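All of the numbers you see were taken from the coordinates with simple rules; none came from a lab. In this text the structure is predicted, and so the values were computed from the model without any measurement. Every residue, glycine as well, gets a Cβ built from its backbone with ideal geometry; the counts of neighbours run over all protein chains shown.
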Amino acid sequence: MVTAPPAPTSSPGDLVVARPEGLYCPPGDFYIDPWRPVDRAVITHAHSDHARVGHGHYLAHVDSAGTLRTRLGEIALQTLAYGEAVVHHGVRVSLHPAGHVLGSAQVRLEHGGRVWVASGDYKTEPDGTCTPFEPVPCDTFITESTFGLPIYRWPTQAALFAEINDWWRLNAEQGRASVLLCYAFGKAQRILHGVDPAIGPIVVHGAVEPLNAVYRAAGVPLPPTLRVTDPGVDAALLGRALVLAPPSAQGTPWLRRFGNYSDAFASGWMQLRGTRRRRGVDRGFVMSDHADWPGLQQAIAGTGAERVFVTHGSVAVLVRWLTENGLEAQGFKTEYGDEDSEPVAATAP
C-alpha cells in the first residue's frame with residue numbers, strides 16, 4: 001500500500017477549499033460539482049457523480065445543457081461558451097475544454113492576482129465527440145486521478161476501434177449479435193462515432209438513445225441507430241448487429257432477445273487482469289474517458305502549476321509522484337465515483 005507524504009495544509013485565502021457539501025470557492029461563495037444541495041454550483045459535466053439534483057443555480061458549458069436537463073429535469077441553468085467569463089463576487093469564472101464528454105469543462109477561477117483551475121474529469125487524446133482538452137495556465141491545479149497509476153496506458157483511438165471492428169465483424173459473419181456494454185453517456189457516443197457502420201446495423205438500449213439525440217443536436221456525427229422495437233428489426237438483423245447497452249443491462253430480460261450473442265465491456269478497468277472475468281464477458285476493450293498515467297502527467301505539466309490538489313482515484317500515488325518531482329501536492333477528499341459502475345435504468349426498450 002502506497003501512502004502519501006505529509007500533506008501541506010490549506011493556506012489562508014485559497015480560492016478552493018473542501019467542505020462537506022463539496023469543493024467551495026470562499027470569495028465567490030459558490031461550489032464546483034458539489035455532492036450536497038447548495039445555492040450556487042458550477043458543474044464541470046453531466047455525469048451524475050458531478051451533476052446532482054437540488055442546487056439553486058447551475059452554471060455549465062452550453063453543450064452540457066441538453067444532458068443536464070435530460071438527467072436532472074428543469075433546473076435554473078446558466079451556460080457559457082468555452083473561454084467566456086462571468087464575474088461573481090469579484091471572482092472571474094470561465095470554462096475551458098476538458099475533452100471528457102460533450103460539454104465537459106475545466107473551471108478557471110481568477111481572483112486577487114491568483115489563478116486556480118479545477119479540471120473535473122478529463123482525457124488528453126481527442127476522440128471526435130467533444131472539444132479536445134486544452135491545458136490552462138494556472139498557479140494551482142485541481143486534478144482528478146481516476147487512473148493515476150503507471151499501469152494505466154490507453155491504446156490509440158485507431159488501435160482501439162480496429163479491435164472493436166474486428167470483433168464485431170467476426171461475430172456478424174457467424175450470425176451472432178455483438179453486445180458491447182458501455183456507459184450510456186460519453187462512451188456509447190464515442191463508440192458510435194468510431195466504429196465502422198458498414199459492418200452491420202447498430203442497435204442501442206433505451207438509456208442510450210436520448211443521449212445520442214443530444215450529441216446529434218450539438219453537431220456530433222453519429223451513424224444511424226435502431227431500437228429493438230423499431231419496425232423491421234428481426235432476428236436476422238440482430239444477428240449482424242452491434243448492440244450498445246449500459247452495464248446495468250447485463251443479465252436482464254432485455255438482452256435475452258439477442259439469442260446466442262457475444263458480449264464485451266468497454267472500460268479503462270479492462271487494463272487490469274481479471275476484470276473481464278469478474279464482469280463475466282467474452283471480451284474486454286480498454287477504453288476510458290479519463291486520462292491515463294501519461295495523460296495526467298502531460299496535463300499537469302501543461303498548466304505550469306506549482307501547487308496541485310488531487311481528487312478521487314489513486315490520490316496517494318499521484319501526490320507522491322508530484323512531490324518527488326518538486327511540486328507542492330496534496331489530496332482533496334471528494335465523493336466523485338466511477339461512472340462505469342453507476343446504476344442506469346435498464347428496463348427501457
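Worth a mention:
- Distant-in-sequence amide H partners of residue 177 (H built 1.01 Å from N, under 5 Å): 262
- Length-normalised contact order for the chain - Cα pairs under 8 Å, 6+ apart - percent: 19
- Only helical runs count toward this figure. For the chain, summing -39,500 (n - 2.57) over DSSP H runs of n ≥ 4 and dividing by all residues gives -6000 deg cm²/dmol at 222 nm.
- Calculated from backbone phi, Karplus (6.51, -1.76, 1.60) coupling profile of segment 301-311 in Hz, x at Gly/Pro: 4, x, 7, x, 5, 9, 10, 9, 9, 10, 10
- Ordering 82, 210, 45 by the projection of their Cα atoms onto the charge dipole of the chain, which places +1 on the Cβ of Lys and Arg and -1 on the Cβ of Asp and Glu, puts 210 at the extreme positive end.
- Each peptide among 117-128, 194-205 gets the average number of other Cβ atoms lying within 10 Å of its residues, and from highest to lowest they stand as 117-128, 194-205.
- Cut-off 10 Å between beta-carbons: net charge of the residues surrounding residue 271, Lys and Arg +1, Asp and Glu -1: +1
- As a rough guide to protection, the peptides 312-319, 26-33 ranked by mean Cβ packing within 10 Å, highest first, stand as 312-319, 26-33.
- Candidates per GluC sites (Glu not before Pro) in segment 74-113, loop by DSSP, up to 10 other Cβ within 10 Å: 74
- Peptide packing: for 271-284, 139-152, 219-232, the average count of neighbouring Cβ atoms within 10 Å per residue gives the ranking 139-152, 271-284, 219-232, highest mean first.
- Dipole of the chain computed with +1 at Lys/Arg Cβ and -1 at Asp/Glu Cβ about the Cα centre; of 137, 113, 223, farthest Cα towards the positive end is 223.
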